[in-house]
Amino acid sequence: PAAGVITTSSSKSRFLTKNKNFPGLKTLNPIKSRNWGLNVSAPFRVASVEEDEGRKERNHGINGFEEQEQEAGFDPGAPPPFKLADIRAAIPKHCWVKDPWKSMSYVVRDVAVVLGLAAAAVYVNNWIVWPLYWAAQGTMFWALFVLGHDCGHGSFSNDPKLNSVVGHLLHSSILVPYHGWRISHRTHHQNHGHVENDESWHPLSEKIYRSLDTLTRTLRFILPFPMLAFPFYLWNRSPGKSGSHFDPSSDLFVPTERKDVITSTLSWTAMAAILVGLGFTMGPMQLLKLYGIPYWIFVMWLDGVTYLHHHGHEEKLPWYRGKEWSYLRGGLTTLDRDYGWINNIHHDIGTHVIHHLFPQIPHYHLVEATEAARPVLGKYYREPEQSGPLPFHLIGSLMRSLKKDHYVSDTGDVVYYQTDPELKKNAS
């Protein structure tokens, strides 16, 4: 690593393992036709090295970085002593290469498993088997979502048309409007760690929190309701924000994205119509068993994983406003998580820090890229707790966070979650 960079022990993360190297690969040339950046990539704009350096030179909060280090040790809210370019330089060049054949092989694998599970469940048709099917199929729906998510980032391939077609097929099959979600997710990556501008599980300011009625607070912070939020978020976003992922005139989108949003809404509507038709054909109870319950298992995976990648660490993590926010500092507040056997099934989405900083990296290179970047990240990389075969340990992290991470101050550019004692008592 570069001089002055904080380093850690050379020991590997307990769940990260080296991928096979591909020394003969070269970086692909960018698309030279239409500018598809707005449509397929996130973030739309990454802070430059000079901007990150400029922010480092400003006064940060109450004390500067050195003063905080002297008085209180490592401060997670202080600007890091490295640049985005330092992290990028540490990642092997082949980690940036997108192989559409390899990406498609994961699609084929996952679709085959989904169809195989459904066929097996129908064939056996035993109430001992159905709960196992629901858990497995809901997890596979989540895996399909992650591949569609990669299409939205443009990390699936360098072909924007392939990304769009595959993304629509995968996301529509699980009732997600591909472009509508892709665009709001791009906003999340562009503004990760920003109190007001982040899009996904962002903090509520104290003023907004106090304005919520009791029912809304319950639905947002008391299990199991937060884990069922995604479909409602698609229609109406989060408290304090307005707009729908299905409405092309929503303030989520700019006018040039109108056609994309309409296309995805129509695809979603077509899938909904297919499900209605299947309900008449096979009966609503069979449809519920084959699709409805796995869908809600998928929703719980999506909400839980997204939340835990930005909340629930044993140490308080900062959120930023104003001049204190930068793309790098916001990205460093994300968390890696270990999901045991599920890591491979859901395409290593648990390697989330590097994904947030460089969403262009394909999922099959994230583990190796993270290993390469860890010496540069130093203490800003938080080792994930090791999982058993199944990640039951994350349930405790989720419950603890929902009990204490309720709102942030209305003022201040570096803020931390605070707890509403009354809600904590009700949640216990």
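The values are calculated or read from the model by the stated rules, or taken from the named source; none is laboratory data. Treat the numbers as computed from the prediction; the structure is a model and nothing was measured. No Cβ is skipped: glycine too gets one built from the backbone with ideal geometry, and neighbour counts run over all protein chains shown. Areas reflect the complete protein model, heavy atoms only, side chains present, ligands, DNA and RNA absent. Shrake-Rupley method; radii C 1.70, N 1.55, O 1.52, S 1.80 Å.
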Legend entry - Selection from Thr370, Pro384, Ser401 lying farthest towards where the dipole of segment 94-426 points positive, charges on Cβ: Ser401
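Ranked from the most accessible area to the least, with a 1.4 Å probe and all protein chains present, what is the order of Ile297, Ile395?
Descending order: Ile395, Ile297.
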Inset, instruction - Take each of the peptides 299-305, 206-212, 90-96, average the number of other beta-carbon atoms within 10 Å over its residues, and list them starting from the highest. - result: 299-305, 90-96, 206-212
Inset, instruction - Please list Leu366, Leu162 in order of solvent-accessible area, largest first, computed with a 1.4 Å probe with all protein chains present. - result: Leu162, Leu366
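Go through Lys316/Lys424; Lys316/Lys403; Lys379/Lys425; Lys102/Lys161 and tell me which ones have a Cα-Cα distance over 23 Å in this structure.
Exceeds cut-off: Lys379/Lys425.
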Inset, instruction - Please work out the Cα center distance from segment 315-358 to segment 374-389, rounded to the nearest Å. - result: 11
Legend entry - About the Cα centre, charge dipole magnitude for segment 94-426 (Lys/Arg +1, Asp/Glu -1 at Cβ), debye: 320
Inset, instruction - Just add up the charged neighbours of Ser250: K/R +1, D/E -1, any other residue whose Cβ is under 13 Å from the Cβ of Ser250. - result: -2
